[in-house]
Amino acid sequence: MLLSHTLGLSRAALLAHPERVLTASQYAAYAALISRRAAGYPLPYLTGRAEFYGLEFEVTPEVLIPRPETELLVELALALQPHSVVDVGTGSGCIAVSLAVLLPRVVVYAIDISPAALAVAGRNAERHHVADRVHLLTGDVLSPRPGPVDLIVSNPPYIPSDECALLPPSVRDYEPRLALDGGPDGLAFIRRLLKEAPTVLRPGGGILIEIGATQGEAATTLAHAILPRARISLHRDLAGRDRVLQVSDIQTD
Ligand SMILES: C[S@@+](CC[C@H](N)C(=O)[O-])C[C@H]1O[C@@H](n2cnc3c(N)ncnc32)[C@H](O)[C@@H]1O
């Protein structure tokens with residue numbers, strides 16, 4: 001993949017022409033990539049690309065590398081057929097843009113506190129021709145308040161602060177701390193999102209939030225405490241681990 005990236009050729013083209021000889025500068029560029037990768041630097045940051053939900057996204061070190069388990073959140077959102085969505089903590093825009101591509105009439109508000117991340121999300125919306133329906137907002141959780149919308153989706157930072165140091169070095173050393181650190185119990189962002197959600201939802205709207213594999217019980221308890229009249233459920237990922245908290249039928253202000 002690094003050689004294909006260096007030469008701007010597909011992997012099939014490389015395999016079809018194994019006799020190709022690299023120029024000195026091509027070799028130098030390739031060797032430099034190999035040594036960064038060998039030092040643990042993530043492959044998607046080297047190539048600037050990651051695949052998510054069958055689509056290709058630009059990624060830079062300012063955004064989290066989209067993860068396959070987040071595709072569950074997109075699947076659940078698609079099943080609800082919303083007309084309007086807010087994606088809180090949009091990062092690369094992988095969730096917002098995938099929904100806009102797959103739901104041709106949906107309008108998505110994509111919020112992030114990081115202007116650098118929003119710039120990447122904007123380029124991804126353009127790349128997939130949905131920039132007219134993906135509205136980028138620099139914001140802190142749900143402020144400024146978009147909407148009202150049918151659905152809130154979020155893959156928030158949810159790693160407890162003191163567990164960030166225990167993450168694999170390729171994550172801990174290179175992915176943005178802002179995208180990972182969920183405060184002392186990992187639930188700080190989720191707590192705020194659940195509290196602020198009724199102010200942006202239409203009556204009967206819902207929320208889908210990605211959570212850590214061990215946070216199912218704590219996140220359910222939190223949702224019951226903050227939104228006692230809503231319907232609350234957990235969804236498991238393909239590995240059978242709790243992954244998405246769904247809160248439905250939310251009473252609005
Ligand atoms: C786990 S990443 C998710 C990125 C992307 N949605 C994905 O699924 O790959 C969380 C994102 O939340 C953003 N973020 C962190 N704190 C925030 C806040 N208070 N308000 C809005 N966005 C925030 C980070 O900048 C980061 O882009």
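The values are calculated or read from the model by the stated rules, or taken from the named source; none is laboratory data. Computed from a predicted structure; not experimentally measured. Backbone-built Cβ (ideal geometry, glycine too); neighbour counts: all protein chains shown. Remember, those area values only see protein heavy atoms, side chains included, never the ligands or the DNA or RNA. Shrake-Rupley method; radii C 1.70, N 1.55, O 1.52, S 1.80 Å.
Can you tell me which residue within region 120-141, out of those that are outside any strand (DSSP E or B) and within 12 Å of the ligand (Cβ to nearest atom), is farthest from the chain's Cα centre (by Cα)? The qualifying residue farthest from the chain's Cα centre (by Cα) is Gly139. Being without any contact (Cβ under 8 Å) to a residue 40 or more places away in the chain, open to solvent by less than 60 Å² (accessible area, probe 1.4 Å) and within 23 Å of Tyr53 (Cβ to Cβ) is not true of Asp132.
With the condition kept exactly as written, say whether any residue in region 143-150 is at pLDDT below 95 and among the basic types (Lys, Arg). For region 143-150, residues at pLDDT below 95 and among the basic types (Lys, Arg): present. Candidates are the residues of region 49-87 that are in contact (Cβ under 8 Å) with a residue 24 or more places away in the chain and of a type in the set (Gly, Ala, Ser); the one that is farthest from Ala239 (Cα to Cα) is Ser84. For the structure I just gave you, tell me whether Ala39 is open to solvent by 30 Å² or more (accessible area, probe 1.4 Å), modelled with pLDDT of 95 or more and more than 16 Å from the ligand (Cβ to nearest atom). Here the answer is no, as Ala39 does not meet what is asked. Any residue at all in region 199-208 that is among the β-branched types (Val, Ile, Thr), without any contact (Cβ under 8 Å) to a residue 60 or more places away in the chain and open to solvent by less than 20 Å² (accessible area, probe 1.4 Å)? Checked against the condition, which is being among the β-branched types (Val, Ile, Thr), without any contact (Cβ under 8 Å) to a residue 60 or more places away in the chain and open to solvent by less than 20 Å² (accessible area, probe 1.4 Å), region 199-208 yields at least one hit. Here is a list: Ala77, Ala117, Ala96. Which entry is open to solvent by less than 10 Å² (accessible area, probe 1.4 Å), within 25 Å of His5 (Cα to Cα) and in a helix (DSSP H, G or I)? Of Ala77, Ala117, Ala96, the one residue that is open to solvent by less than 10 Å² (accessible area, probe 1.4 Å), within 25 Å of His5 (Cα to Cα) and in a helix (DSSP H, G or I) is Ala117.
Tally up the residues in region 142-159 that are within 14 Å of the ligand (Cβ to nearest atom) and either surrounded by fewer than 21 Cβ atoms within 10 Å (Cβ to Cβ) or under 15 Å from the mean Cα position of the chain (by Cα) (or both), please.
Initial filter on region 142-159 (within 14 Å of the ligand (Cβ to nearest atom)): 142-146, 152-159.
Of the ones still in play, those that are also either surrounded by fewer than 21 Cβ atoms within 10 Å (Cβ to Cβ) or under 15 Å from the mean Cα position of the chain (by Cα) (or both) are 143-145, 152-159.
Residues flagged as within 14 Å of the ligand (Cβ to nearest atom) and either surrounded by fewer than 21 Cβ atoms within 10 Å (Cβ to Cβ) or under 15 Å from the mean Cα position of the chain (by Cα) (or both) within region 142-159 amount to 11.
Go through the residues of region 221-229 one by one and say whether even a single one is in contact (Cβ under 8 Å) with a residue 12 or more places away in the chain and hydroxyl-bearing (Ser, Thr, Tyr). Steps first, please.
Our first condition is that a residue be in contact (Cβ under 8 Å) with a residue 12 or more places away in the chain; within region 221-229, this holds for 222-223, 226-227, 229.
So of that shortlist, the ones also hydroxyl-bearing (Ser, Thr, Tyr) come out as none.
No, the conditions are met nowhere in region 221-229.
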